[in-house]
1. Inspect all residues belonging to the range A:343-366 and state whether any of them is more than 24 Å from the chain's Cα centre (by Cα), over 30 Å from A:Thr75 (Cβ atoms), outside any loop (DSSP other than H, G, I, E, B) and basic (Lys, Arg).
2. Inspect the range A:276-293 for any residue being within 14 Å of chain B (Cβ to nearest Cβ) and without any contact (Cβ under 8 Å) to a residue 60 or more places away in the chain and give the result as yes or no.
3. If the requirement is being assigned to a helix (DSSP H, G or I) and touching a helix residue (DSSP H, G or I) at 6+ places or on another chain (Cβ under 6 Å), which of these qualifies: A:Leu87, A:Leu31, A:Leu57?
4. Name the pairs: first residue in the range A:55-78 and surrounded by fewer than 24 Cβ atoms within 10 Å (Cβ to Cβ), second residue part of a loop (DSSP other than H, G, I, E, B), Cβ to Cβ under 6 Å, at least 6 apart or on different chains?
5. Just checking, does the range A:547-568 include any residue being loosely packed, with under 15 Cβ neighbours inside 10 Å, over 27 Å from B:Leu355 (Cβ atoms) and over 35 Å from the mean Cα position of the chain (by Cα)?
6. Of all residues in the range A:524-567, which are within 9 Å of chain B (Cβ to nearest Cβ) and either in contact with a strand residue (DSSP E or B) (Cβ under 9 Å, 6 or more places away or on another chain) or at pLDDT below 75 (or both)?
7. Kindly provide the set of residues from the range A:353-379 that are modelled with pLDDT under 80 and among the charged types (D, E, K, R), ordered by number.
8. Of all residues in the range B:317-354, which are away from chain A (no Cβ under 13 Å), within 17 Å of B:Arg285 (Cβ to Cβ), surrounded by 18 or more Cβ atoms within 10 Å (Cβ to Cβ) and not aliphatic (A, V, I, L, M)?
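The values are calculated or read from the model by the stated rules, or taken from the named source; none is laboratory data. None of the values given here were measured: they were computed from a predicted structure. Cβ: placed from backbone, ideal geometry, glycine included. Neighbour counts: every protein chain shown.
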Amino acid sequence: MSVHIFGVRHHGPGCARALRAALEALQPDILLVEGPPDAEGALPLLTHEAMKPPVALLIYVPDQPSRAVFYPFTTFSPEWQALGYALGRGIPARFMDLPQAIQLAREPVAEEQATPPADDLPAAADSGHPHSAPTDEKPAISATATPPPDPLAMLAEAAGYDDHELWWEQQIEQRRDSTGVFEGIFEAMSALRADLTPRDDEEAQREAHMRSSIRAAEGEGFARIAVVCGAWHAPALAQRDDAKADTALFAKLKRVKVETTWIPWTNSRLAYRSGYGAGITSPGWYGHLWAAPDRVPIRWATQAAQLLRGEGLDASSASVIETVRLSEALAAMRGLPMPGMAEMREAIQTVLCHGETAPMQLIRDKLEIGEAMGEVPPEAPAVPLQRDLDAQARRLTLKLTAEIKDYDLDLRKDTDRVRSQLLHRLGMLGIGWGEEQHTYGKLGTFHEKWRLQWQPEFAVALIEANIWGNTVASAAAARTRQLATVAPDLPALTALLERALPADLPDALEDLLERVRDRAAVSSDVRHLMDALPPLARIVRYGDVRGTKAERVTPVIDALFERALVGLPGACLSLDDDAATAMVTSIDNVQETVSMLNRDDQRAPWLATLRLLVDRDGVHGLVRGRCCRLLLEMRALASEELRRLAGLAFSPVNPPEQAVDWIEGVLRGPGLKLLQQDDLWRALDAWLANLAPDIFVTLLPLLRRAFSGFSAPERRQMGEKVKLLSVEEAAGTLGVRPSGEGGATHGPIAQERANTVLPVLAQILGVNYEPGN
Amino acid sequence: MTNQKKAPATVIADAPALESVLRQHAEQQFAEELAELVKIDDRQRPPNWKLSPWAVRAYLLGGKLPNGFTVSPKYIGNARLIEIAVATLATDRALLLYGVPGTAKSWTSEHLAAAITGDSTLMIQGTAGTDEAAIRYGWNYARLLVEGPSPAALVVSPMMQAMQSGNIARIEELTRIPAEVQDTLITILSEKTLPVPELGMEVQARKGFNVIATANNRDKGVNELSSALTRRFNTVVLPTPATMDEEIDIVERRVASLGRALELPAEKPALEEIRRVVTVFRELRAGVTEDGKTKVKSPSGTLSTAEAISVMTNGLTMAAYYGDGLLHAGDLAAGLTGAIIKDPVQDRVVWLEYLQTVVKERDGWKDLYRACHEVL
């Protein structure tokens, strides 16, 4: 009977290759792998033909799916290779780590942990499982703040490397001849762990459990026991003296019920940068090291060239040759046996990319990290997201049926608000269970009307969406973040923000706001800034219904607003008709924001900017007219001022089209307010009267268009107004007249003629008429 | 067409005593360091190299040699870039040093040539007027008329000389050379030969020959390299200083030395003022504030360290002759604004936005904000 311990690094191609070879040589009759025994039931699926790594074992607490642990595997994970070997040979394969049932029970019942910093990682498991060291990168994602000193870093430092990844890669992963690797690792780790004291209780318990599992296998009479564990644990597993003490360590620990399933994983999630504290920097490169049979640098450079060509960049074969030569020269200069990823990257940038960094991002994303996404067989048990949705639906008494159901949700009620949140969140995940109907009327801000219909394909969508998170909330938040990273421009971002708001995802919202701010700072399109304002203003104004924090949004609005004002005068110059129309819409958006927020510190600079535009030559007539009108509505334009502006606009030196544009700009919107502006009408009238007949005919359609927005009664009143004004002028009786509510004014009365009709009128109205009264 | 360029070697022979020249060549100034490196350098050298690639790296990046001798750093920044540059030259590929003005491209090129061949003088200055004769060869017309075509009537270019002797030829400002003249390099770089049809001969490059070119990537549009030529170069982009402190250090040294040269009667500027100017430059250049929290737009200009130096010197001059001799924000404002606003429309917006959103809010920067607003 013999026990063979193989200390490995998770996701290491060199380790995987060496392990496979070692197992072939050893021919064990049982395999023990560091991993959760809870997941043994799911192991047979590993060799299922539909299983395509990268995949992850997901272990979670059924009634609290947010408490979960992921164990990612990819082809070049030593564990994957070992398990594949065991299942292929039909020998028993067991996981020997401390069961997750215990590890997950240990944790305080915390709400879902704040999602890890970076981009597209789902609110990953907050297992609180303090992964011991990079050598022991058990995928469980750690919630502990400061990891203990990194043993690998210490070794690398001793070897004179400042980058321990690099050291490990060169020492282990690039190695083609695997003889003695595991002995070497074992020895190095033994030296590091001279006293073998585990660093904390948890590690002690885990190692005790592993030792007990080995003992159990020994007891069952297996002859050649292969043990695969993180390199760090290897020496501790070799010392199996005190069985009782080991058992005592974990026997009495509390357990919870857990469930296991396989879920698809992605390369980007194996990488460090997604905030996954225990990953590998470049899964694509490791995958390449694993898959490439020989001539690693040549194959890598060729792949890079093909990638660049695919993007329409030049990458000739001659350049590939030079890339390989340079990488080899660099490796030689640095005293390396073969170029590593750093050398390849530098050579590719220098030769293939001509020193530019932009294409390197492509190489990084598509090659070094890689886009591989795994697949799991359909037989894999239901995903936690589905369970979470079921649970929530049950709680909220919503039924997942294909029947159409209508709901009118009152957001002031708790249940209804949570329902609305759930539906909005699902919407963010692309699961259109509910369709929001438009609401009208005063109840709009408190009410939402929904039409619900469950469709069978949503089940599939849920499995796909599980990649974002285990609960609807965390998945929606992660998905929102991801959408934010791909949003093409600022308005798209703010639109997303508006969609995300009712879903109540505070973290994602924070993130989005950050992005809006960043995007705004570099946006060169002033209109984007302006168009982005109203949704933000609505959040501030109406956000309270949902308890959104307005103070988070206000600084963003301020930043956008200031930038918009700085850029606006320049952006209004030399616009054509279409651009001017668009600009007016954007100006209206800012106006909407200003009036919605009603803040003096915004109103004053906004008025100043409008005044500037009103007077500026080179600004399109439509824009100037519109600014004029807005000033008028904000009571910031005296009538003398308006008279002056109208006079300028209608000056004969201006091209008539510009004057029409101006009047169109002024007239936009409800007309009643304008009726009192006598000077405006007088100027318009005079201008029209002085137009040459042919120009008048040309302009007529444009003028008609300018007035087309008004209702018939409004138009009639305007006509009467103008008529009246000319009558007054003729009579020389300019002055104050009573003007009715609707703007109906009446001129001087010709008493004699009135006298003739008054008796008849009196009769019709049924009043007494006494002449001379 | 008469290119009477003398061979640089003779220039050195006639040169005045070393101490009296305004600026010494790298291999003269650092002769001792090179000699020490040769002494201890037992690694393999590419053919015709004076030092091994390892020693070249040590010469450029500085450090302590095993025998205790200290080599001063010539290039301060990312060591890997220098490694790439040296490895490129060792693989017999031409090297193109690319970067915005003021990133030590020519300096690096000079020192690379000095370390590898011990001769940094085979240099061609690229200008719009650089003709083929400057890269290939010209003729001594008096001789040509008297003797007819003969090797003696040939005026050898630095390029040809480098090929004959297996040295490194340097080309400054490659992108300023007209495109058709640039293309004469293609044969030289790929076939390593320079035919002289008039004499029915060719010059084949000896081992060790190579070319280091520098180009300014802001001027891409002037005479952009053809893709055929680009392909023959390995491109190393030299970046602007990586850290704030590094850049402040550079500015402070240069401002101090320039101030001495101009004999300005002003106080040495407070570190605080330098820090402010460098901060503005770095933030606008990087498009993000130093704390990484706010993004800003970048103006069209380069905003190199060299310009920061000139803004400081300018401010000092203002303070000295029109102010009280002490550098205030007001003395800097005009220079700062001038350095940033290169395009009167776009850059003005960028600068205004920056003033409004960053400078205005920053503690203790109110004076700068007001001063800059006044000159706008």
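1. Checked against the condition, which is being more than 24 Å from the chain's Cα centre (by Cα), over 30 Å from A:Thr75 (Cβ atoms), outside any loop (DSSP other than H, G, I, E, B) and basic (Lys, Arg), the range A:343-366 yields no hits at all.
2. no
3. Values: A:Leu31 fails: assigned to a helix (DSSP H, G or I); A:Leu57 fails: assigned to a helix (DSSP H, G or I).
Residue meeting the stated conditions: A:Leu87.
4. A:Val61/A:Val256; A:Val61/A:Val258; A:Ser66/A:Glu112; A:Ser66/A:Asn470; A:Ser66/A:Thr471; A:Phe70/A:Ala125; A:Phe70/A:Pro139; A:Thr75/A:Pro53
5. no
6. A:Ser524
7. Hits for the range A:353-379 are A:Glu371, A:Glu375, A:Glu379.
8. B:Gly335, B:Thr337
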